[in-house]
Amino acid sequence: MTIDALAGFYPWTKALHLISVIAWMAGMFYLPRLYVYHTAAPAGSGRSEMLKVMERRLLRAIINPAMAAAWLFGITLVLTPGVIDWSAGWWHAKMTGFLLMSAFHGHLATARKSFERDERTRTERYWRIANEAPTVLMVLIVIMVIVRPF
């Protein structure tokens, strides 16, 4: 299949990309909130152990696969002829937001491993503030894609 053939799949690729991003964002909104609760739970307590299971399952069953799918379908969209005007500024801002979201995902995955070891390397306040990062990045990304202000 040549790259030109991707144009015929564009609506499906775009739909699957959007579905993947929605699933990814749902997890990205929820996991830092679980970390807020986990930070407050005494290490080794039943609540802490329950949160470890919830965090691991959320990351492995929803967030990781959804991010991988978002990347896969996003790259497919970018490779589809005529979809991206490479000289447009919105595209670069959107990609910056997307890369920052991916980096934040990595930060959350690293933090989960710390919680798994009963290490509390960040405060509850830190996780409350960090809980807002996906929202801010999502607003940036959506505005860039829909409004294309520059």
(message) Out of the residues in the stretch 1-18 meeting the condition of being touching a residue at least 12 places away in the same chain (Cβ under 8 Å) and among the β-branched types (V, I, T), tell me which one is nearest to I63 (Cα to Cα).
(response) T13
(message) Where the second residue is hydroxyl-bearing (S, T, Y) and surrounded by fewer than 19 Cβ atoms within 10 Å (Cβ to Cβ) and the first is over 17 Å from T123 (Cβ atoms) and lies in the stretch 34-63, which pairs have Cβ atoms under 7 Å and are six or more apart or on separate chains?
(response) L58/Y30
(request) Test I75 against the criterion of being closer than 14 Å to V21 by Cβ, exposed (fewer than 15 other Cβ atoms within 10 Å of the Cβ) and out of contact with any Asp or Glu (no Cβ under 9 Å at 6 or more places or on another chain), and give yes or no. (result) yes
(request) Taking the options H17, H105, H92, name whichever one is buried (at least 18 other Cβ atoms within 10 Å of the Cβ) and either more than 26 Å from E124 (Cα to Cα) or of a type in the set (G, A, S) (or both). (result) H17
(message) Going through A111, A93 one at a time, which residue ends up being out of contact with any Asp or Glu (no Cβ under 6 Å at 6 or more places or on another chain) and within 17 Å of P149 (Cβ to Cβ)?
(response) A93
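Read-outs throughout are calculated quantities, based only on the coordinates presented, and are distinct from any laboratory measurement. Bear in mind the structure is a predicted one, so any value in this text is a computation, not a measurement. Glycine gets a Cβ as well: all are built from the backbone with ideal geometry, and neighbour counts include every protein chain shown.
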